[in-house]
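Please treat every number below as a calculation from the coordinates, not as lab data. Only a predicted model underlies this, so the values are computations on that prediction, with no experimental measurement involved.
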Amino acid sequence: MRFVLVLSLAAVAVAPAAFAANDKILDVHEMAALESRAAQAGPKEQCFLYAELAHSMAELAGQQLNAGDERDASNSLKAVQKYAAKIHMNVADDAKKLKNAEILMRHTAFRLKEIMMGASLDDRPTLESTLKQLDQVQSEMMLQVFKR
C-alpha cells in the first residue's frame, strides 16, 4: 500500500513537468533566438533546448497541416528531424534537464501521433519517419535517465 502511495505521489510530482510543455507556437523571432541559444549553449544544456525547438516545430507543423499548407508542414517536420538528430548527437550522461527533455520529447511524439491521425495519406510518410526518429531519440534519453 505504501508503494502505491509513493508511486502516486511521484506521478503527481512529475505530472506538472509533463504538462509544462505548453502547446504555444513560437514566432519566427523566438525560434531563431532559441536556435541561436541552443547553438551557443554548452553540451549540457543543448539537449533540452533542441527538445524545445523540436516540440515547437512539431506544433507548427500540426497547425500548418490543419491549414492545408503541406509544403511548409513538410519543412517544419524536416526541422523536427534535424533537431532530433542534434539531440541524438548530444545526449550526454551529465546533461542538464535530461528528464525534462525526455518528457518533452514524449509529449512531442504524442502530438505527432495525434497529427498523423488527421493527416492525409500523402503527409503520413514524413510524419511516420519523423515519429520513428523521435521515438529512437526518446528511448536513448530514457536510457540515459535510468543510467544515472
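Here are the numbers for this structure:
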item	result
Listed pairs Lys44/Lys86; Lys78/Lys147; Lys44/Lys113; Lys82/Lys147 exceeding 23 Å between Cα atoms	Lys78/Lys147; Lys44/Lys113; Lys82/Lys147
Aspartates and glutamates with Cα under 16 Å of Lys99, excluding same-chain neighbours fewer than 8 positions away	Glu45, Glu52, Asp135, Glu140
Residue-wise HN-Hα coupling along region 119-133, computed from phi with Karplus coefficients 6.51, -1.76, 1.60 (Hz; x: Gly, Pro)	7, 6, 5, 5, 8, 5, x, 5, 5, 5, 5, 5, 5, 4, 5
